[in-house]
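K.L.:
Starting off with a structure, shown below.
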Amino acid sequence: MKSGLIFLSVVMALVLSLLGSPVEATGKPSEVYRQFLVRLYWAKSCRDFSPYLIEVTRDHLESISGQEAYDQLVRFKQGYVAKFRVTNEVVMDDHAFINGEGIGLDQGRRIKAHVKVTMQKENGFWKVKYTTWTGVIYGRDK
């Protein structure tokens, strides 16, 4: 039993080191967005990914609790996109606009997602300002 706990501790330490910290969220905006997606995927609370968001959103998420915080976590998780791939990235001063593709989940079905992300530079680091994805479920009954 003790060796299992040690193994689990080592694995968790590895995962956390691979995730990096928000302070290390430098480089291309799309790289920071990918780090955000990893944090969002593993998030158990909004505080797990809020450091990647712009200040006004981050402050709001960190000020709420209880059911409201849980509802926001669920809302953000619905925006998660797997296998994200950049198709276009434009940086203009302190803003970046990213278009990409990935796999979204809608009504329990995996669908091809077209992703749009707006990033903003705050204190020298790229932060997620806005993100959305769209997709179509084919074969849906009308």
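The values are calculated or read from the model by the stated rules, or taken from the named source; none is laboratory data. Bear in mind the structure is a predicted one, so any value in this text is a computation, not a measurement. Quick reminder, even Gly has a Cβ in these numbers, built from the backbone with ideal geometry, and neighbours come from all protein chains shown.
K.L.:
Starting from segment 61-81, keep only residues that are within 16 Å of GLY104 (Cα to Cα), then list their pairs with residues that are assigned to a loop (DSSP other than H, G, I, E, B) whose Cβ atoms are within a distance under 8 Å, requiring at least 6 positions of separation or different chains.
P.N.:
Between residues of segment 61-81 that are within 16 Å of GLY104 (Cα to Cα) and residues that are assigned to a loop (DSSP other than H, G, I, E, B), the close pairs are PHE76/ALA43; PHE76/PHE49; LYS77/ALA43.
K.L.:
May I ask you to list pairs of residues, at least six apart or on different chains, whose Cβ atoms are under 6 Å apart, with the first in segment 37-58 being more than 11 Å from LYS77 (Cα to Cα) and the second being at pLDDT 95 or above and among the small types (Gly, Ala, Ser)?
P.N.:
Note: pairs meeting the criteria are ARG58/SER50.
K.L.:
Look through segment 21-34, keep the residues that are surrounded by 15 or more Cβ atoms within 10 Å (Cβ to Cβ) and not in a helix (DSSP H, G or I), and return whichever of them is modelled with the highest pLDDT.
P.N.:
In this case the residue turns out to be LYS28.
K.L.:
Can you tell me which residues in segment 35-51 are part of a helix (DSSP H, G or I) and either of a type in the set (S, T, N, Q) or surrounded by 15 or more Cβ atoms within 10 Å (Cβ to Cβ) (or both)?
P.N.:
Residues satisfying the conditions are GLN35, PHE36, LEU37, VAL38, ARG39, LEU40, CYS46, ASP48, SER50, PRO51.
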